[in-house]
Amino acid sequence: MKQYDVIIVGAGPAGLRCAEILGQTNLKVLLLEKDESFGIKVCAGGITRKDMAILNLPDSLIEHKLTKTAVHSRRRSNHATAPEPIVFTLSRQALGAWQREQLNATKVEVRSNAKVTQVEKTTS
Ligand SMILES: Cc1cc2nc3c(=O)[nH]c(=O)nc-3n(C[C@H](O)[C@H](O)[C@H](O)COP(=O)(O)OP(=O)(O)OC[C@H]3O[C@@H](n4cnc5c(N)ncnc54)[C@H](O)[C@@H]3O)c2cc1C
């Protein structure tokens, strides 16, 4: 039986990023995803500037840049336009594919169609 230092269950943005970071260490890492592909999810795809920087995402992933905000209440509405984009949107599928690609430069082993059905605690 193969042994790993870390097994990550789920290749969403968190699992993929975790794998990318651990892939820069000497740890033996396995990433398991139950679905065939990565990143397909019902999601608006909104991401902040801070998140873009943390994930080190390239501008090529950006679909829309949002600069306008609007707050509505029963009595009034307020609009504002920021000089710089506040939020970006991107395709979750494109994000997943890009994050998956980053792992090619690491030794992380990635398996899709691999659903984890049981996790046991060892006593040794
Ligand atoms: C309708 C909607 C709109 C959203 N809009 C936004 C938005 O605009 N901006 C934003 O930042 N966030 C948004 N979110 C939230 C965002 O989708 C989540 O915060 C994000 O996906 C969480 O990432 P994650 O990697 O933790 O989990 P997930 O993205 O849920 O990834 C978990 C992964 O684990 C896999 N998995 C699950 N169980 C197993 C198993 N047993 N074995 C193997 N693999 C498994 C799944 O297939 C999946 O790929 C939205 C969410 C919803 C539902």
(message) Quick check: net charge around V116, other residues with Cβ under 14 Å of its Cβ, Lys/Arg +1 and Asp/Glu -1?
(response) 0
(request) Compute the distribution of all C-alpha to C-alpha distances in the chain, in bins of 10 Å from 0, and list the percent of pairs in each, rounded to whole numbers. (result) 11, 34, 27, 15, 9, 3, 0
(request) Give me the angle, in degrees from 0 to 90, between the Cα long axis of helix 13-22 and the longest principal axis of the Cα atoms of the chain, rounded to the nearest 10. (result) 50
(request) Report, to the nearest 10°, how far helix 92-102 tilts away from the longest principal axis of the Cα atoms in the chain, using its own Cα long axis and a range of 0 to 90°. (result) 50
(message) With an 8 Å Cα cut-off and a minimum separation of 6 or more residues, compute the relative contact order for the chain in percent.
(response) 36
(message) Just want the ordering: V108, V9, from fewest to most Cβ atoms lying within 10 Å of their own Cβ.
(response) V9, V108
(request) Just check region 1-66 against the gyration tensor rule for me: Cα atoms, a ≥ b ≥ c as the square roots of the eigenvalues, rounded for a/c under 1.5, and otherwise prolate or oblate depending on whether a/b exceeds b/c. (result) oblate
(request) Work out the count of Lys pairs in the chain where the Cα-Cα distance is under 27 Å, with the pair 8 or more places apart or on different chains. (result) 20
(request) Hand me the GluC sites (Glu not before Pro) from region 8-79 located in a DSSP loop with no more than 15 other Cβ atoms within 10 Å, in residue order please. (result) E36
(message) Taking the number of other C-beta atoms within 10 Å as the exposure measure, put M1, M52 in order starting with the fewest.
(response) M1, M52
(request) Quick one: which residues, 5+ away or cross-chain, put their amide H under 5 Å from the amide H of V87? H built at 1.01 Å from N. (result) L66
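Values in this text are rule-based calculations from the coordinates and carry no lab data. Not measured: the values here are computed from a predicted model. Methodologically, a virtual Cβ is constructed for each residue, glycine included, from the backbone with ideal geometry; neighbour enumeration extends over all protein chains shown.
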